[in-house]
Amino acid sequence: MISNHLGNHLRSSDQLREVFAILRCPRCRGPLVAAQPPADGDRPIHCSNRDCKYADHGFPVISRQPVLIDFDDSIFEEKEFLFRNGNSIIPRDDAAARWTTRLSAPMEGRNRVAERYCEKFIHDVKAQSDRPSVLVVGGGAIGSGAERIYSEPTLRVLGTDVYASPNTLVVTDAHRLPFCDNSFDGVWIQAVLEHVLNPDTVVAEIHRVLKPHGVVYADTPFMQQVHEGAYDFTRFTVSGHRWLFRKFEHTASGTVKGAGSALVWSIRYFVRALTGSGRIASSVGLALFWLRYFDGLTRERPNADAASAVFFYGRKSSSEVRPREIVDYYSRQASPV
Ligand SMILES: [Zn+2]
């Protein structure tokens, strides 16, 4: 596996070969076979299981990245995906080149919780292994606060997303992660679980690919309006998020951004609903950026009830939270903001 955020020069043949050892068919989890190294072309990677559709059908490679998606069981359609050459179905600005992207940074602010837990995440995975392997799910764009993962030289970081970007190495659908069981020391998943149809399935996959006691960090919106249009499905309270990660031992959880941030979102979308203009709404949101500083002044429990986003940090476990325990969990929640 690879530290791949620096782009194409890191996606060398040797590195792809190294990743190949842990890749599996997303449908049957059979080993894959390919011409070495896999090159862009018409489905040069195949499943080794002769009973599997992908033994004959094969998987394409786009921008030197294997596209390991079972399109029969995905919201993405293969023909359309190949037509757009693996690019995101939603217009992206992962390099923050557009002025609207640059303006959204001061409006939304840094994710200080992710930043803090990123340090802990790096510390914890390094305690697991000399050269820890980290999977980033939804890593097409580097999440706010997660930058240190990519600059830490001892980590082997494998970025994945549903589209090919300079930050990814393999294109996947997180409902069927194309990796062996127990492959990673840590999984990082930030602002992704609202965009998947079945979050339970995705979290079960994270559990499967983590090594025993492997570390997970997830942050997910709670009080945020619809973003990314047709590809936005779910929100979580702190308790709902804990239940989602019920097969993980709890280290920390709570509010990522609080009631002030949620209010900015709400006003923006109110203006958008009134005017029909995303541009006017963003301008108003930018003028009200200072409201998010109230996040730090709010009381923990009610702030978590009104949070813009929530997080969970924990470890893969062999036991799970029981239904009655999730009720008690509410009163034990804390907000780190
Ligand atoms: Zn297969």
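The values are calculated or read from the model by the stated rules, or taken from the named source; none is laboratory data. Owing to the predicted nature of the structure, the values given are computational and were not obtained by experimental measurement. FYI the Cβ positions are ideal-geometry reconstructions off the backbone, even for glycines, and counts take in every protein chain you see. SASA here: full protein model, heavy atoms, side chains in, ligands and nucleic acids out. Shrake-Rupley method; radii C 1.70, N 1.55, O 1.52, S 1.80 Å.
Some observations on this one:
- Backbone HN-Hα couplings from phi across the range 300-311 [Karplus 6.51/-1.76/1.60, Hz, Gly and Pro as x]: 4, 5, x, 5, 5, 5, 10, 4, 6, 8, 10, 9
- Among the protein heavy atoms, those of Glu249 account for about 100 Å² of accessible surface (1.4 Å probe, every chain in place).
- Taken about its Cα centre, the range 221-337 carries a charge dipole of roughly 80 debye when the Cβ of each Lys and Arg holds +1 and the Cβ of each Asp and Glu holds -1.
- Residues of type lysines that Lys53 reaches as a straight line, Cα spacing below 21 Å, ignoring anything fewer than 8 places off in the same chain: Lys79
- Taking all protein chains as shown and a probe of 1.4 angstrom, Arg246 keeps an accessible surface of around 50 Å².
- Rg over Rh, two decimals, the range 273-337 (C-alpha only, Kirkwood Rh): 1.15
- Computing FRET efficiency as 1/(1 + (r/R0)^6) for Leu288 and Arg17, where r is the C-beta to C-beta distance and R0 is 45 Å, gives about 0.35.
- Other residues with beta-carbon under 13 Å from the beta-carbon of Asn198 carry, at +1 per Lys or Arg and -1 per Asp or Glu, a net charge of -4.
- Of Trp290, Trp265, the residue with the largest accessible area leads and the full order is Trp290, Trp265 (1.4 Å probe).
- Relative to the longest principal axis of the Cα atoms of the chain, the long axis of helix 259-275 lies at roughly 80 degrees.
- Heavy-atom accessible area for Trp243, with the other protein chains in place and a 1.4 Å probe, reaches approximately 80 Å².
- Note on the chain: the alpha carbon radius of gyration divided by the globular reference 2.2 N^0.38 Å gives 1.00.
- The 3J(HN,Hα) values that the Karplus relation (6.51, -1.76, 1.60; θ = phi - 60°) gives for the range 312-323 are, in residue order, 9, 10, x, 10, 4, 10, 9, 10, 9, 5, 8, x Hz. Gly and Pro appear as x.
- Ligands, DNA and RNA left out, the accessible area of the chain computed with a 1.4 Å probe is 55% carbon and sulfur.
- Remark: accessible surface ordering of His250, His46 (largest first) is His250, His46, probe radius 1.4 Å.
- DSSP-defined beta bridges in the chain - what % are antiparallel, rounded to 5: 55
- When Phe83, Phe311, Phe20 are compared by accessible surface with a 1.4 Å probe, the order from highest to lowest is Phe83, Phe20, Phe311.
- The three principal axes of the C-alpha atoms in the range 189-337 carry coordinate ranges of 50, 34, 24 Å, sorted with the longest axis first.
- Amide H contacts of Phe59: Ile45, His46, each under 5 Å away and 5 or more positions distant or on a separate chain (H built 1.01 Å from N in the peptide plane; Pro and chain starts excluded).
- Within a Gaussian network of the chain (alpha carbon springs, distance under 10 Å), most fluctuating of Gln65, Gln225, Gln190: Gln225
- Cα shape, the range 195-259, gyration tensor, a/c 1.5 rule: oblate
- For the range 209-337, the relative contact order comes to 44 percent (Cα pairs under 8 Å, sequence separation of at least 6).
- Remark: the range 170-234 carries 30 Å² of accessible area per residue (probe radius 1.4 Å; ligands, DNA and RNA excluded).
- The overall shape of the range 181-221 is oblate: from the C-alpha gyration tensor, with semi-axes ordered a ≥ b ≥ c, the ratio a/c is 1.5 or greater and a/b is no larger than b/c.
- C-alpha long axis of helix 278-287 to longest principal axis of the chain, angle in °: 50
- Relative contact order for the range 101-209: 26 percent, from Cα pairs under 8 Å spaced at least 6 residues apart, divided by residue count.
- Helix 112-128 and the longest principal axis of the C-alpha atoms of the chain enclose an angle of approximately 40°.
- Taking other residues whose beta carbon is less than 12 angstrom from the beta carbon of Asn49, and scoring Lys, Arg as +1 and Asp, Glu as -1, yields +3.
- The lysines whose alpha-carbon is closer than 30 Å to the alpha-carbon of Lys316, local same-chain residues fewer than 8 away aside, are Lys120, Lys126, Lys211, Lys247, Lys257.
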